[in-house]
Amino acid sequence: MFNQLSGATRLFPIIGDPVRYVESPVHLTRTFGKRCHNGLCIPMQVPAGCLDAVMAGLTATLNVDGILVTMPHKHTAFAHCTTSSGRARMLRVVSVIRRNPDGTWHGDMLDGLAFVKAQKDHGANIEGARALLVGAGGAGSAIAIALLEAGVGELVIHDADESRVTGLRSLLADLGDGRVATGPPDPAGCGLVFNATPMGMEDGDPLPVDAALLTPSMFVGDVIAGHGVTPFIEAAQAAGCRTANGRHMVEAVQDLMADFMLGNRL
């Protein structure tokens with residue numbers, strides 16, 4: 001993995017707080033190696049109040065070709081992008097940034113695409129299905145857009161913060177074409193059940209959906225990565241559900257991130 005390291009190595013930091021759980025440094029660096037690109041992804045612990053200073057430094061560091069963005073910077077990093085994709089502009093968030101030829105930054109949001117890819121890779125049938133999505137924050141919003149673009153039949157959104165649900169439903173008004181609804185975290189009648197909340201990152205977190213309501217016909221996906229198999233996925237597997245976990249999403253996003261960083265269209 002590191003046999004290409006030299007003064008010609010191009011840098012792709014991942015910025016966040018915390019970063020101790022991120023897996024992209026090893027995975028993305030390995031993906032670059034498979035593509036014969038001399039690139040290295042490194043973790044950078046960047047507290048929320050330090051983003052402007054760090055972005056100024058990375059902009060001035062000319063062997064930094066791209067930046068991976070994780071919590072809590074996905075919203076604030078958008079303001080540092082001179083250009084961006086349509087989905088990033090819709091959400092005003094970014095998960096990846098690459099350098100434009102003029103030295104400015106171009107941003108995109110890949111979380112939703114990666115999540116949907118992970119579900120499909122592990123057997124989920126998205127097109128025409130009824131899905132429950134718990135979580136309407138940054139990740140949930142990106143996943144909602146990707147599910148609708150992938151042809152989900154009906155999308156039921158729940159979040160404990162009603163204002164998030166209202167805001168997301170308004171955002172999806174044109175894209176949703178009548179397929180978006182809101183409701184409780186009850187998966188009855190759903191073939192797909194997805195967690196896009198942080199529940200499962202800490203010991204003692206409640207499950208996003210009551211495990212007793214899960215049935216073997218449901219496919220269950222979780223965004224939480226870096227914490228092993230979450231209690232929600234364990235409960236789903238015990239109920240006989242097929243599943244995709246956060247690690248699968250991390251694996252799915254590597255090629256998408258490499259494509260983006262190397263300038264390929266997604």
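Once you order the gyration tensor axes a ≥ b ≥ c over the Cα atoms, which shape class does the chain get: rounded for a/c under 1.5, otherwise prolate or oblate by comparing a/b with b/c? Before the final figure, lay out the partial values.
On the way: a/c = 1.93, a/b = 1.62, b/c = 1.19.
Prolate, because a/c is 1.5 or more and a/b exceeds b/c.
Build a GNM of the chain with springs between Cα atoms under 10 Å: which of V69, V22, V253 gets the top mean-square fluctuation?
V22
Explain nothing, just the number: dipole magnitude of the chain about its Cα centre with +1 on each Lys and Arg Cβ and -1 on each Asp and Glu Cβ, in debye rounded to the nearest 20.
Rounded to the nearest 20 debye, it is 840 debye.
Projected area of region 115-193, taken from the Cα convex hull and averaged over every viewing direction, in nm²? Can you show the working numbers first?
On the way: hull surface 18.3 nm².
One quarter of the hull surface, i.e. the mean projection, equals 4.6 nm².
In the chain, with Lys and Arg counted as +1 and Asp and Glu as -1 at Cβ, which of these residues, P184, L11, V220, has the Cα nearest the positive end of the dipole, that is, farthest along it?
L11
Taking the beta-carbon count within 10 Å as an exposure proxy, list T29, T82, T59 from fewest neighbours to most.
Details: T29 21, T82 11, T59 15.
Fewest-to-most ranking of T29, T82, T59: T82, T59, T29.
Kindly provide the pair-distance distribution of region 112-249 built from C-alpha pairs, with 10 Å bins from 0 and whole-percent values in order of increasing distance.
Taking all Cα pairs of region 112-249, the binned fractions are 13, 50, 33, 4 percent.
Could you line up K120, K74 from fewest to most neighbouring Cβ atoms inside 10 Å?
Working: K120 15, K74 23.
Going from sparsest to densest Cβ surroundings: K120, K74.
Distance in nm between label sites at D102 and V26, each 7 Å beyond Cα in the beta-carbon direction?
According to this spin-label approximation, the distance is 4.1 nm.
What stretch of the chain, leaving out the sites themselves, is the longest with no chymotrypsin sites (Phe, Trp or Tyr not before Pro) in a DSSP loop having at most 16 other Cβ atoms within 10 Å?
No qualifying site falls inside 22-266, the longest such stretch.
Cα gyration tensor of region 10-109, axes a ≥ b ≥ c as square roots of the eigenvalues: rounded (a/c below 1.5), prolate (a/b > b/c) or oblate? Kindly include the intermediate steps, with their values, before the conclusion.
On the way: a/c = 1.42, a/b = 1.20, b/c = 1.18.
Since a/c stays below 1.5, the shape of region 10-109 is classed as rounded.
Over region 112-249, what is the relative contact order in whole percent, taking alpha-carbon pairs under 8 Å and six or more residues apart? Each step should come with its number before you reach the end.
Working: 272 pairs, mean separation 34.1, N = 138.
Relative contact order, region 112-249: 25 percent.
Can you bin region 69-174 into rounded, prolate or oblate? Criterion: square roots of the alpha carbon gyration tensor eigenvalues sorted a ≥ b ≥ c, rounded for a/c under 1.5, prolate for a/b above b/c, oblate for the rest. Each step should come with its number before you reach the end.
Values: a/c = 2.24, a/b = 1.55, b/c = 1.44.
Prolate is the answer for region 69-174, as a/c is 1.5 or above and a/b outweighs b/c.
If Lys and Arg each add +1 and Asp and Glu each add -1, what is the summed charge of the other residues whose beta carbon sits under 14 Å from the beta carbon of A118? Walk me through the numbers on the way to the answer.
Numbers: positive: K117, K120, R242, R247; negative: E23, D111, D121, D222, E251, D255.
Counting the neighbours of A118, the net charge comes to -2.
Can you give the helix-only mean residue ellipticity at 222 nm for the chain, where every DSSP H stretch with n ≥ 4 adds -39500 (n - 2.57) and the sum goes over all residues, rounded to the nearest 500 deg cm²/dmol?
Numbers: 9 runs with 88 residues, N = 266.
The helix-only estimate for the chain comes to -9500 deg cm²/dmol at 222 nm.
Relative to the present Cα-Cα distance, how much length would full extension add between A211 and T82 at 0.36 nm per residue of separation? Don't skip to the end; give the middle numbers.
Numbers: separation 129, 0.36 × 129 = 46.44 nm, distance 4.44 nm.
So the chain would gain 42.0 nm between A211 and T82.
With everything on Cα atoms, drop me the angle between helix 111-121 and the longest principal axis of the chain, reported from 0 to 90° to the nearest 10.
With rounding to tens, the tilt is 60 degrees.
Report the charge-dipole magnitude of region 186-245 in Debye, nearest 20, computed about the Cα centre from +1 at each Lys and Arg Cβ and -1 at each Asp and Glu Cβ. Write out the running numbers ahead of the final one.
Working: 1 positive and 7 negative charges, 58 e Å.
Using only the charged Cβ atoms, the result is roughly 280 debye.
With each label point set 7 Å from Cα along the Cα-Cβ vector, what nm distance links N38 and T59?
Reported label-point gap for N38 and T59 is 2.8 nm.
Could you tell me the center-to-center distance, by alpha carbons, between region 155-229 and region 38-78 in angstrom?
29
Between T166 and A8, what length comes free when the chain is fully extended (0.36 nm per residue of separation minus the Cα-Cα distance, one decimal in nm)? Walk me through the intermediate numbers first.
Values: separation 158, 0.36 × 158 = 56.88 nm, distance 4.82 nm.
That works out to 52.1 nm of additional length.
Rank these for me by crowding, S24, S170, S141, S85, going from fewest to most other beta carbons within 10 Å. Can you show the working numbers first?
Numbers: S24 22, S170 10, S141 27, S85 19.
Fewest-to-most Cβ neighbours within 10 Å comes out as S170, S85, S24, S141.
What relative contact order, as a whole-number percentage, does the chain give when Cα pairs under 8 Å and 6 or more residues apart are counted? All intermediate terms of the calculation are to be shown ahead of the outcome.
Details: 521 pairs, mean separation 43.0, N = 266.
It comes to 16 percent, rounded to a whole number.
Only the coordinates and a few stated rules stand behind these numbers; no lab work does. Note that the structure is a prediction, hence the values are computed from the model and not measured. No Cβ is skipped: glycine too gets one built from the backbone with ideal geometry, and neighbour counts run over all protein chains shown.
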